[in-house]
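Down below is the structure, laid out as structure tokens.
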Amino acid sequence: MDRVDGVTSTSSPHRAPAAEAVAGRLSTLDRFLPLWIAVAMAVGLGLGALIPGFDDALEALQIGTVSLPIALGLLLMMYPVLAKVRYEELGRLRGERRLIVSSLVLNWIVGPLLMFAVAWIFLADQPEYRTGLIVVGLARCIAMVLIWTELACADREATALLVAINSLFQIVAYSLLGWFYLTALPDLLGLDAQGFEVSMWEVARTVLIFLGIPLLAGWLTRVVGVRRRGADWYEQRFLPRIGPLALYGLLFTIALLFALQGDAIADAPLDVARIALPLLVYFTLMFALSFLAGVRLGLGYERTATLAFTAASNNFELAIAVAIGVWGATSGQALAGVVGPLIEVPVLVALVYVALWMRRRWFADAPAPHDAPARPQLAKETT
């Protein structure tokens, strides 16, 4: 048995799901992530209610809009994720034009537009939550997608390639897109943003800190680790050791956020459900559109599943960091970001089953899971 990006598998990572339930192939930490998030929320609410002045103490240790303990949690949850990215895969761009172009369009045009639409449809009267969801829609997944594609028997190397592209693209494009969707587009459409405008610099500063620093650290870790100890040691021994740090950082951050958010949540407990509904719609529609795009492009099952899951997943670590860095830990934007992973995990696990069902229905010529190679390679495209 071995672990690959948090997934426990046999020597062939594409073993038929009939022999092993999809949920059972997740590690204990990943399988019960919604439970751990709920526990962290409860712990945070308890700390805020039982310890007088706890929220004041957190706010006292603050630089700008970010509490230092929360900043530590944000950096901790981002670093292991970015240490997993195979940056060397970027050298294989030239032969994968259809896959890369379709991924860029879905991730950076269709995805943000869809989240913008559902946020305004479902939360037009809640500008903070609406803004938080738009921030989530701009943060493309670079972590959990590795698990979903593994479970769905997708192309692991193609996933690594798209994750590497999204990681670097976010540094360049996130702040510009944030300004466009939060300020420019509502003005262009005549929508009442209710004063929720954001400058490009506010978003860029946060992205540079909470994505730029761990991105540089993750890249250096990978380069030095692979060079000195080899890729096998780095992938199979080092990454599994630091991987849980991302979850611990996420849970630590959520607990502190809910300690600060306790009063607001007690006053409006149904707000979490209101945030969850558009997220559910977004995940489902984004997956369906991306999967159909892969089918129409003739990418084959493995790359179609890779395309669909990389487009339907989001980087909630970055979204939470941006929400806290720009609007503060007690903001509705931060709460919207926190609700994200609570919804994403069960929905994406369900979509893994959907993908495997569609494989049997639409891809009759695809090799059986037990015949698939352990590490499928990207074939060169001729178009």
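The values are calculated or read from the model by the stated rules, or taken from the named source; none is laboratory data. Fair warning: this is a prediction, and the values are worked out from it, not measured in the lab. A quick note on method: Cβ atoms are made from the backbone with ideal geometry, for glycine too, and the neighbour counts reach across all protein chains shown. Surface accessibility is based on the protein's heavy atoms, side chains included, excluding ligands, DNA and RNA. Shrake-Rupley method; radii C 1.70, N 1.55, O 1.52, S 1.80 Å.
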- Item | the stretch 96-116 - residue that is farther than 16 Å from Phe287 by Cβ and free of Cβ contacts under 8 Å to residues at least 12 places away in the same chain and, of those, nearest to the chain's Cα centre (by Cα) | Ile109
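The rows are residues; the columns are (1) over 24 Å from Gly137 (Cα atoms); (2) touching a Gly at 6+ places or on another chain (Cβ under 8 Å); (3) at pLDDT 70 or above.
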{"residue": "Phe54", "(1), (2), (3)": "yes, yes, yes"}
{"residue": "Val81", "(1), (2), (3)": "no, yes, yes"}
{"residue": "Glu88", "(1), (2), (3)": "yes, no, yes"}
{"residue": "Leu93", "(1), (2), (3)": "yes, no, no"}
{"residue": "Leu99", "(1), (2), (3)": "no, no, yes"}
- Going by the structure shown, is Leu285 part of a helix (DSSP H, G or I), touching a residue at least 60 places away in the same chain (Cβ under 8 Å) and open to solvent by 10 Å² or more (accessible area, probe 1.4 Å)? yes
- Query: Is the stretch 201-220 home to any residue that is over 30 Å from Ala124 (Cα atoms), among the β-branched types (Val, Ile, Thr) and open to solvent by less than 10 Å² (accessible area, probe 1.4 Å)?
  - Reply: no
- Quick check, is Ala308 open to solvent by 10 Å² or more (accessible area, probe 1.4 Å) and free of Cβ contacts under 8 Å to residues at least 60 places away in the same chain? no
- Under 8 Å between Cβ atoms, at least 6 apart or on separate chains: pull out the pairs that start in the stretch 356-367 with a residue that is over 14 Å from Gly298 (Cβ atoms) and of a type outside the set (A, V, I, L, M, F, W, C) and end on any residue that is open to solvent by less than 100 Å² (accessible area, probe 1.4 Å) and modelled with pLDDT of 90 or more. Arg359/Tyr301; Arg359/Ala305
- Task: Output the qualifying pairs, or none if there are none: Cβ atoms under 8 angstrom, residues six or more apart or on different chains, first residue in the stretch 224-245 and of a type in the set (Val, Ile, Thr), second residue modelled with pLDDT of 90 or more.
- Result: Val226/Tyr234
- Segments classed as helices (runs of 4 or more DSSP H), wholly inside the stretch 127-192, with at least 2 members that are open to solvent by 20 Å² or more (accessible area, probe 1.4 Å): 127-138, 156-179, 185-189
- Note on the structure: Ala273 meets each of (1) open to solvent by 40 Å² or more (accessible area, probe 1.4 Å); (2) aliphatic (A, V, I, L, M); (3) modelled with pLDDT under 85 with one exception, condition (3)
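From Gly325, Gly294, Gly337, Gly332, which residue is open to solvent by less than 10 Å² (accessible area, probe 1.4 Å), touching a residue at least 12 places away in the same chain (Cβ under 8 Å) and within 14 Å of the chain's Cα centre (by Cα)?
Numbers: Gly325 fails: within 14 Å of the chain's Cα centre (by Cα); Gly294 fails: within 14 Å of the chain's Cα centre (by Cα); Gly332 fails: within 14 Å of the chain's Cα centre (by Cα).
Unique residue meeting the criteria: Gly337.
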